[in-house]
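Data block below; observations after.
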Amino acid sequence: MASSLPVLSGREVVRVFESLGWQVARQSGSHIVMVKEGEIATLSVPDHREVAKGALRSLIRAAGLTVAEVVAVA
């Protein structure tokens, strides 16, 4: 069974992905765009007080990570 996702703000999600090698490229409105060298995907993290679980799960999938990897860092 998958690990349960923590409730994180947009800024906390950015910190988690930064610790996993992603970098903030720019901010466009209420979304923070992150990139990683060698990755085709870009992550668009909503800068909200609480990131929806579905959105967080989608970001984790796009980054090629598992929920357990993200929970361990968060």
Checked pairs for region 32-56, first within 18 Å of LEU5 (Cα to Cα) and of a type in the set (Val, Ile, Thr), second at pLDDT 95 or above and loosely packed, with under 13 Cβ neighbours inside 10 Å, C-beta under 9 Å and 6 or more apart or across chains, list as none
Picking from ARG61, ARG15, ARG11, the residue that is out of contact with any helix residue (DSSP H, G or I) (no Cβ under 8 Å at 6 or more places or on another chain) and touching a residue at least 12 places away in the same chain (Cβ under 8 Å) would be ARG11
Look through ARG49, ARG15 and report the one residue that is farther than 12 Å from ALA74 by Cα and of a type in the set (Lys, Arg).
-> ARG49
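Output the residue which, of all residues in region 1-22 that are touching a Lys or Arg at 6+ places or on another chain (Cβ under 6 Å) and within 16 Å of ALA62 (Cα to Cα), is surrounded by the most Cβ atoms within 10 Å (Cβ to Cβ).
TRP22
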Output the residues belonging to region 22-38 that are of a type in the set (S, T, N, Q) and assigned to a loop (DSSP other than H, G, I, E, B).
-> SER30
Per the filter on region 44-69, residues assigned to a loop (DSSP other than H, G, I, E, B), β-branched (Val, Ile, Thr) and at pLDDT below 95 are THR66
Pick from ALA41, ALA72: which is small (Gly, Ala, Ser) and not in a loop (DSSP other than H, G, I, E, B)?
-> ALA72
Take the residues of region 23-74 that are under 13 Å from LEU8 (Cα atoms) and among the small types (Gly, Ala, Ser): which is surrounded by the fewest Cβ atoms within 10 Å (Cβ to Cβ)?
-> GLY54
How many residues does region 27-46 contain that are of a type outside the set (A, V, I, L, M, F, W, C) and under 11 Å from the mean Cα position of the chain (by Cα)?
-> 3
Of all residues in region 18-46, how many are under 15 Å from VAL73 (Cβ atoms) and of a type in the set (A, V, I, L, M)?
-> 4
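The values are calculated or read from the model by the stated rules, or taken from the named source; none is laboratory data. Everything numeric in this text was worked out from a predicted model, so none of it was measured. When we count neighbours, we look across all protein chains shown, and the Cβ atoms used for this are built from the backbone with ideal geometry, even at glycine.
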